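Student: This is the structure I want to talk about, given as structure tokens.
The values are calculated or read from the model by the stated rules, or taken from the named source; none is laboratory data. None of the values given here were measured: they were computed from a predicted structure. Neighbour counts are summed over all protein chains in view; Cβ atoms, including those assigned to glycine, are modelled from backbone coordinates with ideal geometry. These area figures cover heavy atoms from the full protein model, side chains too; ligands, DNA and RNA do not enter into them. Shrake-Rupley method; radii C 1.70, N 1.55, O 1.52, S 1.80 Å.
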Amino acid sequence: MTRLNGFDPVVLVLLVGGVMFILGFAGCIGALRENICLLRFFCGTIVLIFILELVVAVLAFLFQDWVRDQVETFFKNNIKSYRDDIDLQNLIDSLQKINQCCGAQDPNDWDLNIYFNCSSNSKSRERCGVPFSCCIPDPAQKVVNTQCGYDIRTMPRSVWDERIFTKGCIPALEAWLPRNIYIVAGVFVAISLLQIFGIFLARTLISDIEVVKAGYHF
């Protein structure tokens with residue numbers, strides 16, 4: 001499991017799943033049992049998440065260069081750990097295939113990985129190659145050729161364009177965002193509206209419960 005130099009995507013899935021479970025439990029039980037404490041916890045947590053999302057979005061917009069550098073560093077660190085974690089390996093392969101890219105800035109970033117490094121000391125069969133997810137798929141092949149990237153970086157660059165994606169994943173992501181800005185904005189607005197609606201329902205239910213409880217004293 002990658003801990004320092006890489007990132008284990010399972011940790012993120014577990015974290016998000018845990019937060020969703022706790023929020024769902026608090027909201028559901030709070031509404032069924034009319035428990036104001038649980039409802040306030042549910043409402044307060046959603047407000048906190050909403051504020052954090054806004055802060056992250058604003059900071060990411062204001063410090064785009066810093067974010068780009070951090071994403072590049074993150075990607076390169078995970079390239080180093082590519083063979084250490086199967087989940088991380090699948091994540092990188094998916095990113096490279098979907099975005100039709102290879103490495104952070106270019107295919108030579110795979111020199112950071114000990115298995116793909118072009119060093120003369122390397123005894124790996126994958127030396128001076130790239131993962132199969134960097135290869136341009138052949139429509140005639142029904143079976144994925146996992147060895148298609150072997151020795152590719154020992155060949156002239158003119159051959160690269162014919163066999164692998166030469167664009168880095170950071171430039172590919174930067175090009176993808178402007179093309180899909182309305183989709184990204186739409187998703188963000190939809191999530192924000194759902195959160196605001198959840199906050200409104202929780203606050204309304206809390207007010208109704210407090211009114212009913214106050215009536216018991218008369």
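Student: For the chain, compute Rg over Rh where Rg is the Cα radius of gyration and Rh is the Kirkwood radius from the inverse mean 1/r over Cα pairs.
Tutor: Across the chain, the Cα-based Rg/Rh ratio is 1.16.
Student: If you don't mind, there's one more thing I want to ask. Among 40-50, 74-84, how do they line up from the highest to the lowest mean number of other beta-carbon atoms within 10 Å?
Tutor: Averaged packing, sorted descending, gives the order 74-84, 40-50.
Student: Given a 1.4 Å probe, how much area per residue of segment 62-218 is accessible, in Å²?
Tutor: In whole numbers, segment 62-218 has 63 Å² accessible per residue.
Student: Moving to a separate point now. Comparing SER124, SER133, SER207, which has the greatest mean-square fluctuation in the GNM of the chain with Cα pairs linked when under 10 Å apart?
Tutor: Among SER124, SER133, SER207, the largest mean-square fluctuation in the Gaussian network model of the chain belongs to SER207.
Student: When Lys and Arg each count +1 and Asp and Glu each count -1, what net charge do the other residues less than 14 Å away from LEU201, Cβ to Cβ, add up to?
Tutor: Counting the neighbours of LEU201, the net charge comes to 0.
Student: Further question on the same structure: At 1.4 Å probe size, with the rest of the protein present, what percent of the exposed accessible area of the chain is carbon and sulfur atoms?
Tutor: 67
Student: Assuming a ≥ b ≥ c are the square roots of the Cα gyration tensor eigenvalues, decide whether segment 126-218 counts as rounded (a/c under 1.5), prolate (otherwise, with a/b larger than b/c) or oblate.
Tutor: Prolate is the answer for segment 126-218, as a/c is 1.5 or above and a/b outweighs b/c.
Student: Connecting C-alpha atoms closer than 10 Å in a GNM of the chain, tell me which of ILE170, ILE114, ILE22 has the biggest fluctuation.
Tutor: In this elastic network of the chain, the residue with the biggest mean-square fluctuation among ILE170, ILE114, ILE22 is ILE22.
Student: Also: What's the lysine pair count for the chain at a Cα cut-off below 25 Å, pairs eight or more apart or interchain?
Tutor: Qualifying lysine pairs in the chain: 9.
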